Every structure is written in C-alpha cells, then in structure tokens.
Amino acid sequence: MKDKVKIPEPEEGLKFIDVHCHLPFPRPKKDQLPSNEEQYRDFFEKGGLYLITCSIDMSTLHLILDFIKDKKNIGFTCGWAPQTVTYTPKDKYQKEWKEWINYIKSHQDEYLAIGEIGLDFHHAKTLEKRKKQVRVFREILELTKDFDKPYVLHVRNAAQHEYDRENPKNRYNKKNGANEEIFRILGEFNINPRRVLWHCFSGPEDYGIILPKQGFMISVPSSAYGYNRWRKVSKNVPLQSLVTETDSYYQHPYLRGPLNVPSNVRYAIAAIAYSQNVSQEIVSKKTIENAKRFFKLLID
Ligand SMILES: [Zn+2]
C-alpha cells in the first residue's frame, strides 16, 4: 500500500542515530540482507553517530553481547518483548525468564534501557494470553522501577477483526485497549513519563499530542517515509519529543519484508521533515539531541 506522495530523499551528509534496531537477529531463510558487519559499517559510513540494538529475550541478548564486543558507538537495550511472553515454549520459559532477570539486575552498567517490553494484542488474541502479557509487564516494572534506566515500550492494539470473541466486552478489545492498559499500569507504578519511549509509535493520532504533553518520548520508524499511516501519527508531535529508528530488519522505508538496515533511519528523518515542513537538518539535529539525552549516550 505504498502511497503516491513523492517525499524528498534523505539529503547527503545527514547525521543520525538509530535508537531501535535488531542487529544481529535470527534471520529468515534466504534473506537479502547484507551481513551484520556490513550493516554496522554502512551505518557509520553514511553518517550514523550511534546505533542502539534491542534484545527481546535471552537468545537475542547473547547474539548482541557477542556482536558488540570491541565495537564503538553501539549500545543495547534489554527486552522481554510481549511476543516473547506469548511464543516462548512452556518448557523453556521459566528458566530463561530467571536468567533474564538475573542479567538485568546484575549488569546495569552495560545496557542502556529496559525494553522492548509492553503489550501486543495482535500477537495475543485470547484473554488468557493478554492477561499473561499484562502480568509480565507489571512484574518487569515492579522489578526495575527503581533502576536508573529508561523504558522502551512496544505497544500494539488489537485490530478490529482481532477482538477476543469469547470475551467481546473485555476492555482489551477496545480500539485503544493496549495503549490504555499501558497508561493505567505506568500510572499505577508511578513511572515518570520522561523515562518512557514509545517505540515504532503507531497512533492513534491524538496520542501523538497527548503523550508528549505528559513528557513521553516517541520514536518514528523508517517506514514513515513510504506509508502515510505511519507518517500521520507523528505529524503533530513536537520535535523535542521525537527520536528516530529503523526497527530493522522490519519496517523498511517503502518495501515489505525483512529488508531493512540501520542506515535507513535517514528515511525517518526525511519523513518527519516532510510532514512537519521543517528542514531535514533541523530534524537530524533535534532527534540526535533527544536520543543522547534520553539514553545518556556517550559518543566517541
Ligand atoms: Zn523492535
């Protein structure tokens, strides 16, 4: 569904930070992606200043720890994604969950943030599965609320056709069910919104205004370049509340499939500049400042 609007390409010489990608990550068979090392090199050759890669469970955490050894200007976040909650086989879950908890407690100097964590009601369609995601999200906050670490959230509402037919009246089915539940829980745990980044923000549009007003940060994916749906939701977010990401290998600027690479974060800058009618240079400058502040990045 690529829309027809012609948006200017990212300009030469732009500087950028990718606050959320998955490198390395288990790859689909026969993918067309460059090697992990090439993706890392290409990112800095094209103007990257800092790259943040995101783990979602124990195995991606191990991949990342191995990859970043001896590398500069790359950091990582420690996530236990809602998909991990839903899809990890029962026989592995408890063991890996314990390992993960031990890791985040005892290695706080090594990672930048807790995340991605959150709720994904597209991947959890029954009430039981949704409740489990909610329970785990709360457990993670309980455990980490006093850590000096920001949070990276993954929040996805159920689509209209994804409502839980057995429990049609349940609030999780609502159009904005996952967002509202996250809000409720963050409030309950007294989490300062300034500590919280909504990764790959997907709306609704009024949340693009409500969230920044409360101090939350919002991350725009590279796919905002080619898909109006993604652009619309960040159109009215003040620049001081925005950062940029690729979520690669997902969220390619205009193609479908596992094709995205971190250097394409330039397209998120081009998308924001276009929809907010400001120069790409200003967007680059502001989003870099914001990312540095939010994650306390030290750049060599
Ligand atoms: Zn992600």
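Going by the structure shown, is Val243 more than 18 Å from Pro82 (Cβ to Cβ) and among the aliphatic types (A, V, I, L, M)? It is true that Val243 is more than 18 Å from Pro82 (Cβ to Cβ) and among the aliphatic types (A, V, I, L, M).
Restricting Ser234, Ser279, Ser275 to those that are touching a helix residue (DSSP H, G or I) at 6+ places or on another chain (Cβ under 9 Å) and within 24 Å of Ile56 (Cβ to Cβ) reduces the list to Ser234. Checking Lys29, Lys46 one by one, the residue that is at pLDDT 95 or above and either farther than 18 Å from Trp230 by Cβ or in contact with a Lys or Arg (Cβ under 7 Å, 6 or more places away or on another chain) (or both) is Lys46 and no other. Look at the range 152-170: where a residue is free of Cβ contacts under 8 Å to residues at least 24 places away in the same chain and a partner is of a type outside the set (Lys, Arg) and surrounded by 14 or more Cβ atoms within 10 Å (Cβ to Cβ), sitting 6+ places away or on another chain with Cβ atoms under 6 Å, you get Tyr163/Asn173. On the basis of being under 18 Å from the mean Cα position of the chain (by Cα), within 16 Å of the ligand (Cβ to nearest atom), buried (at least 24 other Cβ atoms within 10 Å of the Cβ) and assigned to a helix (DSSP H, G or I), does Val265 make the cut? Yes. Beta carbons closer than 9 Å, at least 6 apart along the sequence or on distinct chains, pair a first residue in the range 187-202 that is more than 13 Å from Thr144 (Cα to Cα) and of a type in the set (S, T, N, Q) with a second that is outside any loop (DSSP other than H, G, I, E, B) and within 16 Å of the ligand (Cβ to nearest atom) for Ser202/Val155; Ser202/Arg156; Ser202/Pro221; Ser202/Trp230.
Condition check ((1) within 19 Å of the chain's Cα centre (by Cα); (2) modelled with pLDDT under 90) across all residues:
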{"site": "Ala158", "(1), (2)": "yes, yes"}
{"site": "Tyr163", "(1), (2)": "no, yes"}
{"site": "Asn173", "(1), (2)": "no, yes"}
{"site": "Phe183", "(1), (2)": "yes, no"}
{"site": "Lys213", "(1), (2)": "no, no"}
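Looking at the range 68-87, which of its residues are polar (S, T, N, Q), open to solvent by less than 30 Å² (accessible area, probe 1.4 Å) and under 18 Å from Ile114 (Cβ atoms)? Within the range 68-87, Thr77, Thr84 meet the criteria.
Among residues belonging to the range 135-152 that are open to solvent by 10 Å² or more (accessible area, probe 1.4 Å) and within 24 Å of Ile218 (Cβ to Cβ), point out the one that is nearest to the chain's Cα centre (by Cα). By that ranking, first place goes to Pro150. Would you say Arg27 is open to solvent by 20 Å² or more (accessible area, probe 1.4 Å) and within 16 Å of the ligand (Cβ to nearest atom)? Taking the combined requirement at face value, the residue satisfies it. Of the residues screened, Lys232 is not one that is of a type outside the set (A, V, I, L, M, F, W, C), at pLDDT 95 or above and more than 17 Å from Lys286 (Cα to Cα).
Could you please find all residues in the range 198-209 being farther than 11 Å from Val155 by Cβ and under 19 Å from the mean Cα position of the chain (by Cα)? Matches in the range 198-209: Pro204, Glu205, Gly208, Ile209.
Screening Gly48 with (1) more than 15 Å from the ligand (Cβ to nearest atom); (2) more than 20 Å from Lys296 (Cα to Cα) gives one miss only, at (2). Has the range 75-98 got any residue that is more than 16 Å from the ligand (Cβ to nearest atom) and of a type in the set (Val, Ile, Thr)? Scanning the range 75-98 turns up at least one residue that is more than 16 Å from the ligand (Cβ to nearest atom) and of a type in the set (Val, Ile, Thr).
The values are calculated or read from the model by the stated rules, or taken from the named source; none is laboratory data. Bear in mind that the values here come from a model prediction, so they are computed numbers and not experimental data. For neighbour counting, all protein chains shown are included, and Cβ atoms are generated from backbone atoms with ideal geometry for every residue, glycine included. All accessible areas refer to the heavy atoms of the entire protein, side chains included, with ligands and DNA or RNA removed. Shrake-Rupley method; radii C 1.70, N 1.55, O 1.52, S 1.80 Å.
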